[in-house]
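Just below is one structure, and these are the notes that go with it.
Throughout, read-outs are computed from the coordinates displayed, never taken from laboratory work. It should be emphasised that the depicted structure is a prediction, and the values quoted were computed from it without experimental measurement. Because the Cβ atoms are built from the backbone with ideal geometry, glycine has one as well, and the counts that use them run over all protein chains shown.
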There are 2 protein chains.
Amino acid sequence: MRALITGATGFAGSHLTDHCLAEGWEVHGTCLGADLRAPAIPGLTRHSVDLRDADAVRAVVARTQPDRVFHLAAQASVAAAWADPAKTLTDNLVMTLRVLDAVRLETPGARVLVVGSSEEYGSVEPECFPVVESQELRPVDPYGVSKVACDLLAQQHFLAFGTHVVRVRPFNQLGPRQRRGFVLPDFAAGIVAIERGAAPVLKVGNLNSARDFTDVRDVVRAYRLMLELGEPGAVYNVCSGTTVRIGALLDILIGASSVPIRIELDPARTRPIDRPATVGSYAALHAATGWTPEIPITRTVLDTLAYWRAELVHQAQ
Amino acid sequence: MRALITGATGFAGSHLTDHCLAEGWEVHGTCLGADLRAPAIPGLTRHSVDLRDADAVRAVVARTQPDRVFHLAAQASVAAAWADPAKTLTDNLVMTLRVLDAVRLETPGARVLVVGSSEEYGSVEPECFPVVESQELRPVDPYGVSKVACDLLAQQHFLAFGTHVVRVRPFNQLGPRQRRGFVLPDFAAGIVAIERGAAPVLKVGNLNSARDFTDVRDVVRAYRLMLELGEPGAVYNVCSGTTVRIGALLDILIGASSVPIRIELDPARTRPIDRPATVGSYAALHAATGWTPEIPITRTVLDTLAYWRAELVHQAQ
């Protein structure tokens, strides 16, 4: 089995690469320029491609002849989407179009996973929790709008061309290799810095915020299962079906740290309006594939701490 | 009351201009370059603007200070969207973003109508007819995907910024000034050509296709009412709630023509798969505004024939 993963060196992409390699697959990945993340994946064949370039995308699909295409690459930062909505909207949409067109023209029998986001649901009343896939889409940020557009473009290729597309709406993901700017890597890297001698103060935002978190390794396993067993054209949530407080993540980290740490509330890290966490339902995914989340949150947090301990040693050297 | 209409010289735009002028409003319209349609609207102040240009759009909104903004401009051809999906997707989305941003920054109290399409519903099972606004969106062509993206971007500006946006999903529109390439103008112009001495043969596609047609003049009246009485953030269908066969339009035209006409089926005009017509419900619009369609289809068809008789005389001179 031959996989092509766009954004293979990103957070989820690198874990999906690991997962497919562990399944014995041949794995090709696209990355933009010389992305040096995930340096420890010797089995990955990298292709440097600007996914907005139709000819380049078509060429890499023609050359690699994938059986499975996982389209993970995107401008994935909500903050960056607020800063330049036009760029996020057009780049995410055009990249998805290029991948779908390349498959249609070069490997029409390949199966394609297109990654959306729980941000597509946006503003949902809590009485609608846990959110199922038929929930009305009410994105509140331009990133969420861009993901709806990609999602429905993928559905359109299924409806119009019969492309074997499966769409996914992942909720919040956690784990090793997530870049700083997200809450768990910021906490973990901050604690490791204190362990190395920094002032023993960790600045935090609202610890009562809660999210529906899934370990990224459970998420990428779902991605593979969805392409094998999911219904063509369908869309599936990937989520845990429950929420965890940010404060609970911090408690696990502090319990595992080797030094005393003082927590300080930083108003700059507190959002003026913190929406209640959207809780998803993975019932459809479970019915189609048997998937359930397997990695407990404690292991996710401790593995992330271990990653940052190794990463910061590496960076210091 | 001061209106700014994007695409004011287009099919619906020119009728909306007429309608707003008849209400005693001051009307400004944008058009791309030197669009010479709708030459008979002396009350319209035209502004030549590329709506993809953020600064230009912001400048025209700042200069005209509209109370009501009707965003009608779009790449509106399904065929052109198939030919170049990336252009339709990005142009329609960026134009809508520019208009919403300009209102947010320059005239945040203005009300904005954003025009979607029944193509957003796409593939709907007939048991779901008549389609209400909460119907799942399953567009089958890239034009429909672009309209979903514009629709949800408008909703996002309501949710995030409180912009008074009302969204509309018009079904098929008919009437004078519709350009050729659509069925009724093609029939009417063909018949007028025969009346002027062309060979008495009219080539047609599938006459049993049916559509949910509304007179464009009823449609633009709905647009104005929606901004006055519709709920901010809401979306409304504009439709007739019933379907009319293409053949019935042709029967009305032939009955009104002054010459014998032979009908020939042209396989090139027949689509390989002709989806059953999607029928819409205007119950939500009626409840909010009292609107119902008022112009009977016979008058629409005869007015369109009269338009083409005058238009082709004009062109011949």
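Residues whose amide H comes within less than 5 Å of that of B:Gln173, counting only those at least five positions distant or on another chain, are B:Thr214 (H built at 1.01 Å from N in the peptide plane).
Partners of A:Lys147 within straight-line reach, counting lysines whose Cα lies under 26 Å from its Cα and excluding those fewer than 8 residues away in the same chain: A:Lys87, B:Lys87, B:Lys147. Partner shielding of B:79-88 amounts to 2, given as the average count of beta-carbon atoms from other chains within 10 Å of each residue beta-carbon.
Taking the centroid of alpha carbons for each part, the range A:1-35 and the range B:230-254 are 49 Å apart. Based on Cα contacts under 8 Å between residues 6+ apart, chain B shows a relative contact order of 17 percent. Taking the number of Cβ atoms within 10 Å of each Cβ as an exposure proxy, the fewest-first ranking of A:Arg221, A:Arg299, B:Arg58, B:Arg169 is A:Arg299, B:Arg58, A:Arg221, B:Arg169. Note that the range B:206-216 has calculated 3J(HN,Hα) couplings of 6, 6, 8, 4, 10, 9, 8, 9, 10, 5, 4 Hz, one per residue in order, obtained from phi through the Karplus relation 6.51 cos²θ - 1.76 cosθ + 1.60 (θ = phi - 60°); glycine and proline are x.
Taking other C-beta atoms within 10 angstrom as a stand-in for reagent exposure, B:Tyr282, A:Tyr236 fall in the order B:Tyr282, A:Tyr236, fewest first. With the label put 7 angstrom out from Cα along the Cα-to-Cβ vector, A:Pro200 ends up 10.3 nm from the copy partners, going from closest to farthest. For the pair the range B:200-229 and the range B:112-146, the centres of their Cα atoms are 16 angstrom apart. In chain A, the longest principal axis of the Cα atoms and the axis of helix A:297-316 are about 80 degrees apart. Highest mobility in the GNM of chain B, judged by mean-square fluctuation with C-alpha springs under 10 Å and restricted to B:Arg211, B:Arg63, B:Arg167, is found for B:Arg63.
Starting from the Cα gyration tensor of the range A:75-128, take the square roots of the eigenvalues, sort them a ≥ b ≥ c, and report rounded, prolate or oblate (rounded when a/c is under 1.5, otherwise prolate if a/b is larger than b/c, else oblate). Judged from the Cα gyration tensor, the range A:75-128 comes out oblate (a/c at least 1.5, b/c at or above a/b). For the protein assembly as shown, the spread of Cα coordinates along the three principal axes comes to 94, 52, 41 Å, biggest extent given first.
Computed on the range A:11-159, with alpha-carbon pairs under 8 angstrom and 6+ residues apart, the relative contact order is 22 percent. Going by alpha carbons, how many degrees (0 to 90, nearest 10) lie between the helix axis of B:85-106 and the longest principal axis of chain B? So the helix axis and the longest Cα principal axis differ by about 40 degrees.
If you run the Gaussian network model on chain A, springs between alpha carbon atoms under 10 Å, then out of A:Glu106, A:Glu133, A:Glu125 the most flexible one is A:Glu125.
Let me make sure I get this right: for chain A, a, b and c are the square roots of the gyration tensor eigenvalues over alpha carbons, sorted descending. Under 1.5 in a/c it's rounded, otherwise prolate if a/b > b/c, else oblate. Which is it? Because a/c hits 1.5 or more and a/b exceeds b/c, chain A counts as prolate.
To the nearest ten degrees, helix A:246-256 and the longest principal axis of the Cα atoms of chain A are 60 degrees apart.
Cβ crowding within 10 Å ranks B:Leu16, A:Leu265, A:Leu159, B:Leu72 as A:Leu265, A:Leu159, B:Leu72, B:Leu16, fewest other Cβ atoms first.
Diffusion coefficient of the range B:79-185 by Stokes-Einstein, Kirkwood radius over Cα pairs, 25 °C, 0.890 mPa s: 162 µm²/s.
Our Cα-only numbers for the range A:1-132 put the radius of gyration and Dmax at 15.7, 49 Å.
Charge dipole of the range B:146-192 (Cα centre as origin; +1 on each Lys and Arg Cβ, -1 on each Asp and Glu Cβ, all else neutral): 80 debye, rounded to the nearest 20. When chain B is treated as a Gaussian network with alpha carbon springs shorter than 10 Å, the biggest mean-square fluctuation among B:Glu228, B:Glu119, B:Glu294 belongs to B:Glu294. Distance between the pseudo-spin-label points of A:Ala198 and A:Glu23 (7 Å out from Cα toward the beta carbon): 3.7 nm.
Other residues lying with their Cβ under 13 Å from the Cβ of A:Arg309 contribute a combined charge of -2, Lys and Arg counting +1, Asp and Glu -1.
Taking every residue in A:93-102 and counting other chain Cβ atoms within 10 Å of its Cβ, the average works out to 2. Using θ = phi - 60° in the Karplus curve 6.51 cos²θ - 1.76 cosθ + 1.60, the 3J(HN,Hα) couplings for the range A:158-165 round to 5, 5, 8, 10, x, 4, 6, 10 Hz; x is entered for Gly and Pro. Counting only residues at least eight positions apart within a chain, or on another chain, the aspartates and glutamates with an alpha carbon under 13 Å from that of A:Lys203 are A:Asp186, A:Glu264, A:Asp266.
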